[in-house]
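First comes the structure, then the notes that go with it.
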Amino acid sequence: MLTVRAPATSANLGSGFDVFGVALVRPGDVVRVERARETTIEITGAGAEFIPTDPADNTAGVVARELDAPARIQIDKGIRPSSGLGSSAASAAATAVALDELYDRGLSDEELVRVAAEGEAAVSGEAHADNVAPAILGGFTIVTDDGITTLEADLSLVVCLPETVVSTRDARGVVPDSVTMDQSVETVGNAATLVAGMARDDPDLVGRGMADPVVTPARAELIDGYEAVESAAREAGATGIAVSGSGPSVLAVCRPGDRREVAAAMVEGFSEAGVDARAYPTEVGSGAEIYR
Ligand code: HSE
């Protein structure tokens, strides 16, 4: 038997829609695998009742099929589904890393990311690697059609998860089909600023670079309380804020000393809108880890 933990992740970071992702120190999913004649899946933990256990419909089951690596797979969810924190990506990433090791497949990092993205596509409908890449590799990741670039970053973050659900399908439905040249220039400038900030571990630059004139305003409409959370977080010291992945979680960047206050302010912002929420003060973390 082999156990792998893969972290929650936050994709997009505002200006890097479908490109940027970051691994969080917490929360995370834990996956245990052992060889079997055919794949079976058991799920416990946050939101387990909403996740299909038929291997054909489950991210981990699809990963096992892709790797031709049948296994008894036990998933303990630390990240509930439809949270915007890469829940299905974490299960897919942990399973890919675990089965690669269990069956000694010797996959490269990029191959592991591709296999895990196939698994995630089973539930989201489209294969995005912006959550599975940081879930496997850790740090800050930049995913393009030509490959994956990673940067280690020392950065304080808060993710705040409300007790509401936004499906990735709905969240993709509100993304505009096109952008103006002005929006494109602004987005490129912000994304470049964010990458420079990550390279320098500078929360002010990262926060400034998260501004996004295109996707964030459209998705914020789907999240009750987003505006109140944004202003409360900024008042408490957040340097930048964005919808985490497809939502409804909200991601804030701040200086290390402001983390607790920003977390409390975000919970209070949701509460003003009548929404219960839980905040995780966290930081940029490592990718999937194998425990024997
Ligand atoms: N980049 C994706 C999105 C992440 O925002 O829709 C969720 O799969």
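The values are calculated or read from the model by the stated rules, or taken from the named source; none is laboratory data. These figures come from a predicted structure and were not determined experimentally. Cβ: placed from backbone, ideal geometry, glycine included. Neighbour counts: every protein chain shown.
When segment 122-135 is examined, which residues are found to be within 14 Å of the chain's Cα centre (by Cα) and either more than 10 Å from the ligand (Cβ to nearest atom) or at pLDDT below 90 (or both)? Across segment 122-135, the qualifying residues are SER124, ALA127, HIS128, ALA133, PRO134, ALA135.
To keep it simple, each residue is scored yes or no on (1) at pLDDT below 95; (2) at negative phi; (3) of a type in the set (Gly, Ala, Ser).
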site	(1), (2), (3)
ASP202	no, yes, no
ARG208	no, yes, no
PRO248	no, yes, no
ALA263	no, yes, yes
GLY269	no, yes, yes
TYR291	yes, yes, no
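Only one of (1) crowded, with 23+ Cβ neighbours inside 10 Å; (2) touching a strand residue (DSSP E or B) at 6+ places or on another chain (Cβ under 6 Å) is not met by ALA36, so which one is it? Evaluating ALA36 over (1) crowded, with 23+ Cβ neighbours inside 10 Å; (2) touching a strand residue (DSSP E or B) at 6+ places or on another chain (Cβ under 6 Å) leaves (1) as the failure.
Screening segment 83-111 for residues that are surrounded by fewer than 24 Cβ atoms within 10 Å (Cβ to Cβ) and either small (Gly, Ala, Ser) or within 16 Å of the ligand (Cβ to nearest atom) (or both) and picking the one that is nearest to GLU38 (Cα to Cα) gives GLY106. Note on segment 1-54: residues that are within 16 Å of the ligand (Cβ to nearest atom) and assigned to a strand (DSSP E or B) total 12.
Does segment 278-288 contain at least one residue that is out of contact with any helix residue (DSSP H, G or I) (no Cβ under 8 Å at 6 or more places or on another chain) and within 16 Å of the ligand (Cβ to nearest atom)? No, segment 278-288 contains no residue that is out of contact with any helix residue (DSSP H, G or I) (no Cβ under 8 Å at 6 or more places or on another chain) and within 16 Å of the ligand (Cβ to nearest atom).
Sort out which residues of segment 207-229 are away from the ligand (no atom under 16 Å from the Cβ) and either touching a Lys or Arg at 6+ places or on another chain (Cβ under 7 Å) or in contact (Cβ under 8 Å) with a residue 60 or more places away in the chain (or both), and write them in order of number. Within segment 207-229, GLY209, ALA211, ASP224, GLY225, VAL229 qualify. Scanning segment 74-116 for residues that are closer than 23 Å to PRO162 by Cβ and of a type in the set (S, T, N, Q) yields SER82, SER83, SER87, SER88, SER91.
A single member of ASP57, ASP100, ASP76 is more than 19 Å from ALA8 (Cα to Cα) and at pLDDT 95 or above, and it is ASP100. Filtered by the rule that a residue be without any contact (Cβ under 8 Å) to a residue 40 or more places away in the chain and either over 24 Å from SER88 (Cα atoms) or within 15 Å of the ligand (Cβ to nearest atom) (or both), segment 149-176 gives a lone residue, GLY173. Among the residues of segment 230-244, those that are out of contact with any Leu (no Cβ under 7 Å at 6 or more places or on another chain) and either farther than 22 Å from GLY86 by Cβ or within 15 Å of the ligand (Cβ to nearest atom) (or both) comprise SER231, ALA232, ARG234, GLU235, ALA236, GLY237, THR239, VAL243. From the list VAL275, VAL179, exactly one residue is modelled with pLDDT of 95 or more, over 19 Å from the mean Cα position of the chain (by Cα), outside the structural domain of GLY138 (by TED's automatic domain parsing) and within 16 Å of the ligand (Cβ to nearest atom). Which is it? That would be VAL179, the only listed residue that is modelled with pLDDT of 95 or more, over 19 Å from the mean Cα position of the chain (by Cα), outside the structural domain of GLY138 (by TED's automatic domain parsing) and within 16 Å of the ligand (Cβ to nearest atom). Of the residues making up segment 232-263, those that are out of contact with any strand residue (DSSP E or B) (no Cβ under 7 Å at 6 or more places or on another chain) and of a type in the set (A, V, I, L, M) number 2.
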